[in-house]
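Just below is one structure, and these are the notes that go with it.
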Amino acid sequence: MTDPAPARLRAFASPSRYVQGRNALSSLGEHVARLGSRPLILSDDVVRDLTEDTIGTSFKEADLPVVFERFGGVPTAAEAERVAGVIRDDKHDVVIGLGGGTAIDTAKAAGDTAGISWVSAATVASTDAPTSALSVIYTDAGAFESYRFYSRNPDLVLVDTQLVAEAPVRFLASGVGDALATWIEARAVQRSGASTMIGGIQTRSSVALARLSWDILWVSALPALEAVRADLVTPDVEAVVEANTLLSGLGFESAGLAAAHAIHDGLTAVDQTHHLAHGEKVNIGSLTQLVLEGAPEREIDKFAEFTARVGLPTTLTEAGLGDADDAVLDRIVAAATVPEETIHNLPFDFSDRDVRDALRALESIGRRARESANLDPPQAPDPY
C-alpha cells in the first residue's frame, strides 16, 4: 500500500522586516548592521549619484564600509552570476539591491547564489518585486525567460518615500498598474484553487491584502500621482507606496498570479513593447484577463478609464501594437500560454484564439475609456 500524496498546505511568505517613510534611506546602515559587516550595494550610476552621500553617512554611523557595484541594467542569469562572483571574491556577507525592481531582483539572485543575506532598498515604487522570494529573469534582449524562486524572502525591505516622490511620476504609475493586477489575479486563483507563487494554497490573509491594495489605489492613486508631480510626500503617497510595494508584494506571492502577468511575459517576446515599463505591460494584461473572464462591460470600462487617468496604456496602439498583424499577436500569445505560465491558473478553459481576440478587443475598449475620461486619443510610441 502506497502512502497517499501529501495534501497541499496553506502558506504565506513575507520579508523579515519592512521599513517605509520619508528619508528612510538614512537609517539603512543601522538595519544592515544587524545582517552583516561587509555589505555590497548594487545600483546603477543614476541611483548611486542620488543616494551615495546619504548612504555614506548612514554607513559611517553604523561602522560599515561603503562598497558599490555597478548594475548592468538587465536582470539576466549571467548578470546575477557576475555579481555573485564579486560577492565571493571580496567576501561580502550581505548584498543590497538599491533602486528599482531589476537591480533588486538581481541582488536577490546573486545573494542566493553566494549564500548570503539580501536587502531590497527601493528608491521607486514601480513594482512589487522588493518583498518577494523570487526574481524575474530576462534574456539580454529584455524578453522574459523564467522565474527564479528562493527558499526565503529578503531580510529587509526599505523604501524611502522622499526618493519615490522625487522620481519621475511614470514610475509610481507603473507600480499602480502592477499592484492593481494583484486583486484581479488573486480572485481568479481563489476561484480555481490553483497553487500560489510559493506552491501552496491561498491564505485568507493574502487574499485580504490583495484586496486592500486594490481598495487603497482606487482612493489614493490619483491624488498621490498629483503630489509626486510636485515632489511631495503626502498621506496618499505613503498609502500608494505601501499598496504598490508591501501589500501587492505579499498579495501576489501568497495569493497567486493568473493571466495579467502571463500576458506581460508574452508582451516581452516582441520588440514593439520594449518601451513599456513592467507595470504598463501588466495593465494591458489586466484588461486582457478581464475580457477573457467575460467581466461585465461596466467593470471593464471603469477599470480602463481609471487606469487611463493614472497614465497607463489601455490600447494596443500605446503598446506599440496598433498595426500588429495576427502573426505578431500569436507570438505574444504563444509566450503567454506556455505550460508553466500563470495564465493556466484561470478557472476556465480557453484557446489561443480566445487570448488573441481578447488582446484585439482592447483597442476599442481603451479608446472608449480615453474619450470618456476626456483624454487625448492613444498615441503610438516614437519610432525605434
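A short reminder: the numbers here are calculations on the coordinates, not readings from a lab. Only a predicted model underlies this, so the values are computations on that prediction, with no experimental measurement involved. When we count neighbours, we look across all protein chains shown, and the Cβ atoms used for this are built from the backbone with ideal geometry, even at glycine.
Table for the structure above
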{"item": "Inter-centroid distance (Cα atoms) of the stretch 309-369 relative to the stretch 175-252, Å", "result": "22 Å"}
{"item": "Glu371 paired with Leu9, simple spin-label distance in nm, labels 7 Å along Cα-to-beta-carbon", "result": "5.5 nm"}
{"item": "Mean Cα-pair separation over length for the stretch 18-166, i.e. relative contact order, pairs under 8 Å, 6 or more apart, %", "result": "28 percent"}
{"item": "The stretch 152-179 residues near the modelled Asp49 label - backbone nitrogen below 11 Å, point 7 Å along Cα→Cβ", "result": "none"}
{"item": "Highest-MSF residue in the chain out of Tyr147, Tyr18, Tyr138 [GNM, Cα springs under 10 Å]", "result": "Tyr147"}
{"item": "Span-rule helices in the chain, defined as complete DSSP H runs reaching 30 Å or more along the axis (Cα) with Kyte mean at least 1.0", "result": "none"}
{"item": "Amide proton proximity set for Gly322, modelled H, under 5 Å, gap of 5+", "result": "Thr317"}
{"item": "Contact order normalised by residue count of the chain, Cα under 8 Å, 6+ apart, percent", "result": "16 percent"}
{"item": "Sum of side-chain charges, Ala107 neighbourhood, beta-carbon under 11 Å (Lys, Arg +1; Asp, Glu -1)", "result": "-3"}
{"item": "Most mobile of Thr342, Thr139, Thr76 in a GNM of the chain (Cα contacts under 10 Å)", "result": "Thr139"}
{"item": "Linear extension gain, Val67 paired with Arg191, 0.36 nm per residue minus alpha-carbon span", "result": "39.9 nm"}
{"item": "Most fluctuating residue given options Leu50, Leu42, Leu217, as computed from a GNM of the chain linking Cα atoms under 10 Å", "result": "Leu50"}
{"item": "Three-way shape call for the stretch 169-372 based on the alpha-carbon gyration tensor, with the a/c threshold at 1.5", "result": "oblate"}
{"item": "Segment Asp326-Asp354, length gained on full extension (0.36 nm per residue, minus Cα span)", "result": "8.8 nm"}
{"item": "Dipole in debye (nearest 20) - the chain, about Cα centre, beta carbon charges: Lys, Arg +1; Asp, Glu -1", "result": "1000 debye"}
{"item": "Dipole of the stretch 169-372, positive end: most advanced residue of Pro296, Leu321, His275 [Cβ charges, Cα centre]", "result": "Pro296"}
